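The structure appears below as structure tokens.
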Amino acid sequence: MRIVITRTGGFAGMTQRHEVDPAPPAVETLARAAEKETPSGDAATPDAFEYAVSIDGREYVVKNPTRAWGRLIEAVLGK
Amino acid sequence: MHRQSCCVIPPHILRSIAENGDAEQRDRAHATLEQSAQFRGERALIGEMASLLALPAGEKRRTVYDAKSATHLPGKLVRGEGSAASGDVAVDEAYDGAGKTYDFYRSVYGRSSVDGRGMRLDSTVHYSSHFDNAQWNGRQMVYGDGDGRLFQRFTKCLDIIGHELTHGVTQFTASLFYGGESGALNEHFSDVFGILVKQHALKQSAQKSDWLIGAGIFTNKVHGAAVRSMKAPGTAYDDPVVGKDPQPSHMRGYSKMRSDNGGVHVNSGIPNHAFYLAATMIGGNAWETAGRIWYVTLTTKLHTRATFRECAAATLSAATELFGRASAPHDAVAKAWKEVGVEPQPLAEGPRVPIRRDFVPPSAGAEVPLPSLRRRGPRKAK
């Protein structure tokens, strides 16, 4: 599984791109869990981060991550 | 019911302390509340109680919470209005910065807090771990400590605190939709009043200011002076790891990117530069003339989906109202927009800013729906 996450926005408005290919099994599990939920792509709050997530070519825009999406993003972006 | 949230000190007594007690009494009551709520493990309770303890509307009311590297909001109450410095630098910077921002709006424009009605200013610091951001979540400020590698703590810059609180002012006034041109204007007004809060605190004229947003937020490992430059958008940083400042200073560089809500932090460079040009052409203290024009624009002349061109026309209209059509400020504002390639386009007739009379500040920790951002322009008469 190939996962690419591009983070934009935030107060600084800088772009960060992270890719895992192949994704480790633990991250694959998080991705499968995330894809079961609809990412909330609307209701942006000022200076919040925005994430463009690509999972094997399936594209998602995530603005206010749910718990499952948040876990995946954290796992791929690291702390 | 298991939870009895009002058994420590009855609310009517709290209210009485809030209205009649001195700073020390309020402090002691705060401490009592904090201890008892901690004892019962009810963090959410603190916010409710603290709101009762807050000063009567119309005065400066600040609270600072510590998220202790977690992501639960608001976190633990660590400082309230009038209480002594905590010794935690982020807590005290958030407190002082919110105070300077409040004082700026109050003394310069006569505005009582972000909502114009004395809303309490809540800040949470130490949010998450290595968090590279500061944000306004619709009801409070949230500050990260930075990752320490690229960014330092986000309370370090007064203009960042002013920027975040101005998102609150915008929410209660023009309510600019956070995407595309109106989103870039939302960012623009936050940068404008963010830098003006700083200039005002430093008693710094337009000529003396560095016009940098987030100056000194980077660690010394990053090649960059700041996050944005209003004087020279696109030049704030240029670094192999962080990249290069992408801001344009002219409409010909307008970015049609989809991410970042349509480039709200990128395209704000265009109006930002127009403000810098107008303020420096006018000279003196930027908050007195250019700032006043922009304040009147934000609070009375825009609609939710305003464009750059409409904003330009609105600032000219405000300049005319305040200083006259044939005045130097009006002339400077017109020249500034022309220089960044924005041709003023008058707004449609009708009331611009949705007036929110129904707002009641929610209790701390509550999920807060954003104000409706859906309306497109002035409502048509039926």
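Remarks
- With a 1.4 angstrom probe, the accessible area lost at the B-A interface totals about 2000 Å².
- By the compact-protein rule of thumb, 2.2 N^0.38 Å, the alpha-carbon radius of gyration of chain A corresponds to a ratio of 1.01.
- Calculated FRET value between B:Ser327 and B:Ser112, using beta carbons and R₀ = 41 Å, to 0.05: 0.90
- Average other protein chain Cβ within 10 Å of Cβ, residues B:123-130: 1
- Cut-off 11 Å, label 7 Å out along Cα→Cβ of B:Lys335, residues of region B:282-304 by amide N: B:282-283
- Listed peptides B:92-98, B:112-118 by packing density, highest first (mean Cβ within 10 Å): B:92-98, B:112-118
- Whole-angstrom Cα spans of region B:109-195 along principal axes, big to small: 37, 30, 21
- Region B:262-335: trypsin sites (Lys or Arg not before Pro) in DSSP loop, at most 14 other beta carbons within 10 Å: B:Arg325
- Placing a label point 7 Å from the Cα of B:Asp88 along the Cα-to-Cβ direction, the residues of region B:128-144 with a backbone N closer than 12 Å are B:128, B:143.
- The loop-placed trypsin sites (Lys or Arg not before Pro) in region B:244-282, going by DSSP, that have at most 10 neighbouring Cβ atoms within 10 Å of their Cβ come out as B:Lys256.
The values are calculated or read from the model by the stated rules, or taken from the named source; none is laboratory data. As the structure is a computational prediction, the values presented were derived from the model and not from experiment. Because the Cβ atoms are built from the backbone with ideal geometry, glycine has one as well, and the counts that use them run over all protein chains shown. Just the protein is used for accessible areas: all its heavy atoms, side chains included, with ligands, DNA and RNA removed. Shrake-Rupley method; radii C 1.70, N 1.55, O 1.52, S 1.80 Å.
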